[in-house]
Amino acid sequence: MEYMALGCMSGTSLDGIDCSLIKSDGFSFANEISNKFFPYSEELKNKLYIIINQGYLKDTSVLTLLNQEYKNSINQFIKNNKVKIDLIAMHGQTIYHDQNTKISIQLFDKNLKFDTNLPVICNFRKNDLLNGGNGAPIMPEFHKTIAAQLDLKKVIFVNIGGVTNITIIDNNKITAGDSSFGNGIINDLIFEKIGQNFDKDGSLSENGKNLDTIFYKILKDKYFNEELPKSLDRNYFHKYKKELLNHESLNNTIFTLLEIIPFCISELVSSSSEYPIILMGGGRKNLTLQKIFKKYFENVSLIDTHSINGDFIESQGMAYLGVRYFLKKHSTYYTTTKVQKNVYLGERC
């Protein structure tokens, strides 16, 4: 049976809400129908930034703002797509994640009402955490379907968002986890240093050089001693932020952090030359990072070159997981999150 599923996702980049409509049977294909990005208001973006960097939720008005912007975005998306939709899969906004305490907090209102009576699926990390998993990453099963549609038996998908996570497909075997930080700490450094939101196209880092002292200090962090699967909070590496902010050369600092991203992946994969690397997430657009990846891996491409819209992989994946919830099909495994038994993800809101 085919389902028309609407997936909604807010990433740790804190930029807004991605909505995607797909048609899928939940296991063999996921066909893109429509996508739309709804940017957060500056007020909501600033409130979320404060919450994430302070580590606690004090200003509860952020919940009202978030709920209203989710409601407006989803209602508008449904109105614009005049097709029969079977379900809505809503992720919400992650503000905290810790694999050790098994706590992962996504802001959303389970009772939020839309201009439709469609079933809403949410809490996509809960079942994994309750069964001993890390709660992230949750997209590897969707990545496996993408690989099958692209006829790739071996591939590494690299999703560079607030953190960087990878999915290694080796025929029918899936291994996954967060390999390092991603855009989160870099964007925060740029904002605090010069007031810009991110390194657009890699323009700030293109003439940078690797700073060995920073490079090797960060690589000594205990997180890099762990094997996959493993997961990170967006702010885990912010303990180095003060030292990074004090460094006089912003472009060299950013370049060094970018260099760590592919280096860590190369250390996790025993025979990297066997696997094509497909870059996803907002970080894939950084031209400096693309060049650095090509220094470590022979075959590097963007997901967009495979006729897939790279801006909406996560929201399409949420829709796909929503379909698998309906079918009660497993979506998370020990090799992706260390979950103690294979389980499906999500619950009815």
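Annotations for the structure displayed:
- Across the stretch 140-306, the mean sequence separation of Cα contacts (distance under 8 Å, 6 or more residues apart), normalised by length, yields a relative contact order of 29 percent.
- Take the Cα of SER273, step 7 Å toward its Cβ, do the same at GLU32, and the gap between the two points is 3.3 nm.
- Overall, the stretch 140-306 carries a charge dipole of about 80 debye about its Cα centre when +1 sits on the Cβ of Lys and Arg and -1 on the Cβ of Asp and Glu, all other atoms neutral.
- A Förster radius of 35 Å, combined with the Cβ-Cβ distance separating ARG348 from LYS173, puts the computed FRET efficiency at roughly 0.65.
- Here the ratio of the Cα radius of gyration of the stretch 140-306 to 2.2 N^0.38 Å is 1.01.
- Filter on LYS200/LYS242; LYS217/LYS294; LYS242/LYS338; LYS113/LYS144 - keep pairs with C-alpha separation over 26 Å: LYS242/LYS338; LYS113/LYS144
- Taking the number of Cβ atoms within 10 Å of each Cβ as an exposure proxy, the fewest-first ranking of CYS122, CYS349, CYS264 is CYS349, CYS264, CYS122.
- Average projection area in nm² (convex hull over Cα atoms of the stretch 41-142, one quarter of hull surface): 7.9 nm²
- Label reach from GLN340 (point 7 Å along Cα→C-beta): in the stretch 101-131, amide nitrogens under 19 Å belong to 101-104, 125-131.
- Derived scalar couplings between HN and Hα for the stretch 143-154 equal 4, 4, 5, 4, 4, 5, 5, 8, 6, 10, 7, 10 Hz in order, rounded to whole Hz, by the Karplus curve 6.51 cos²θ - 1.76 cosθ + 1.60 (θ = phi - 60°), x for Gly and Pro.
- Taking 29 Å as the limit for the C-alpha separation, the pairs LYS45/LYS329; LYS82/LYS341; LYS47/LYS102 exceed it in the case of LYS45/LYS329; LYS82/LYS341.
- Between 0 and 90 degrees, the angle of helix 287-296 with respect to the longest Cα principal axis of the chain falls at about 70 degrees.
- The tail of the calculated P(r) for the chain, taken as Cα-Cα distances beyond 29 Å, holds 36 percent of the pairs.
- Set of aspartates and glutamates with alpha-carbon distance to LYS239 below 14 Å, sequence-local pairs under 8 removed: ASP188, ASP221
- Expected 222 nm ellipticity per residue - DSSP helices of 4 or more, -39500 (n - 2.57), all of the chain, to 500: -10500 deg cm²/dmol
- Rel. contact order, % - alpha carbon contacts under 8 angstrom, at least six apart, the stretch 18-64: 27 percent
- Using C-alpha pairs below 8 Å separated by at least 6 residues, the relative contact order for the chain is 24 percent.
- In a simple Cβ point-charge model (Lys, Arg +1; Asp, Glu -1; nothing else charged), the chain has a dipole of about 660 debye relative to its Cα centre.
- PHE77, PHE157 arranged by Cβ crowding within 10 Å, fewest neighbours leading: PHE77, PHE157
- Ordering THR305, THR253 from the fewest to the most neighbouring beta carbons within 10 Å gives THR305, THR253.
No value in this document is a laboratory result; all are computed from the given coordinates. For clarity, every value in this text was computed on a predicted model and none was experimentally measured. Cβ sites come from the backbone with ideal geometry, for glycine too, and all protein chains shown count toward neighbours.
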